[in-house]
1. In this structure, does Leu192 turn out to be crowded, with 17+ Cβ neighbours inside 10 Å, out of contact with any His (no Cβ under 6 Å at 6 or more places or on another chain) and either under 28 Å from Ala22 (Cβ atoms) or among the basic types (Lys, Arg) (or both)?
2. Could you please give the count of residues in segment 82-113 that are within 22 Å of Arg245 (Cβ to Cβ) and in contact with a Ser or Thr (Cβ under 9 Å, 6 or more places away or on another chain)?
3. For Ile141, indicate whether it is more than 30 Å from Ala60 (Cα to Cα) and among the aliphatic types (A, V, I, L, M).
4. Determine which single condition Ile158 fails, assuming it passes every other condition in (1) surrounded by 14 or more Cβ atoms within 10 Å (Cβ to Cβ); (2) under 30 Å from Gly228 (Cβ atoms); (3) not small (Gly, Ala, Ser).
5. Scan the strands (runs of 3 or more DSSP E) fully inside segment 43-95 and keep the ones with 2 or more residues being open to solvent by less than 20 Å² (accessible area, probe 1.4 Å) and touching a residue at least 24 places away in the same chain (Cβ under 8 Å).
Amino acid sequence: MRSPLVLAVPSKGRLMEDSRAALAGFGLDLLKEGDARSYRGTIADIADAEVAFLSAPEIAREIGAGAVHLGITGRDQVEESVADWKEKTDFTRPLGFGRCKVVVAVPEAWIDVDTMEDLDDVAAGFRPRHGRRLTVATKYINLTRGFFAGHGIADYRIVESLGATEGAPATGAADLIVDITTTGATLRDNGLKVLDDGVILRSEAYLVTSLVAEWDNPRRAVLEALLGRIGTTTGASRKLLGRLRPTPAG
């Protein structure tokens, strides 16, 4: 029996519903095996394909590890979770949902802090004034480090957020945050403002292809069929297929 192509899809909530709807719009109906709590499924009319229902962060990690061939997840999850994501992943198709921005937000009371340059000034003087480094609460540790380094900000400490990140400054858990936002309303409700140049990433849900998974000829054929269903042009399909890592002989 041939090993199937594995497509990972969000396992619950709005992301799962939107993913199902997006795939259905391409004529790809997901079928769960067993009861509603099952984490495996198939795609109607697509042979040799298996569906794995995982969380969005898990999907990004599995794509980067080559454990699944395709997945639906946010660009933010991939860029945060996958080292060398440019070499390991392909953002094959935007799906039009899950849009958000990863942003740097500071307390509105910081009236003289509107840009990353202003924040750099604050960070440089924070330790002498307060006896500790500036703290940033976030779930996006790698994106934060990369963005802050790009703006020359080094004297700060990340506090990994495990709950509602936007509440961290109010509770004293951190001085500012890096988090996702759609409208900015939740940030404003918590007395925060986004820095003028503080948008780290504009994200949405994508169909993402793993470039490091095992791609034998049968799996390539299934991928080509799926690309045809989602309306990928012949040229784009050939370019993607050319980037895939061939399965070692033997």
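The values are calculated or read from the model by the stated rules, or taken from the named source; none is laboratory data. Computed from a predicted model, the values in this text were never measured in an experiment. A quick note on method: Cβ atoms are made from the backbone with ideal geometry, for glycine too, and the neighbour counts reach across all protein chains shown. Ligands, DNA and RNA are stripped out before the accessible areas are found, and what is left, the full protein with its side chains, is counted by its heavy atoms. Shrake-Rupley method; radii C 1.70, N 1.55, O 1.52, S 1.80 Å.
1. The answer is no for Leu192.
2. Result for segment 82-113: 7.
3. So Ile141 does not fit the description; no.
4. For Ile158, the exception is condition (2).
5. Ranges flagged: 49-54, 70-74.
Yes/no matrix, rows are residues, columns are (1) more than 20 Å from the chain's Cα centre (by Cα); (2) open to solvent by less than 50 Å² (accessible area, probe 1.4 Å):
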| residue | (1), (2) |
| --- | --- |
| Ala164 | no, no |
| Ala168 | yes, yes |
| Ala174 | yes, yes |
| Val178 | no, yes |
| Ala185 | yes, yes |
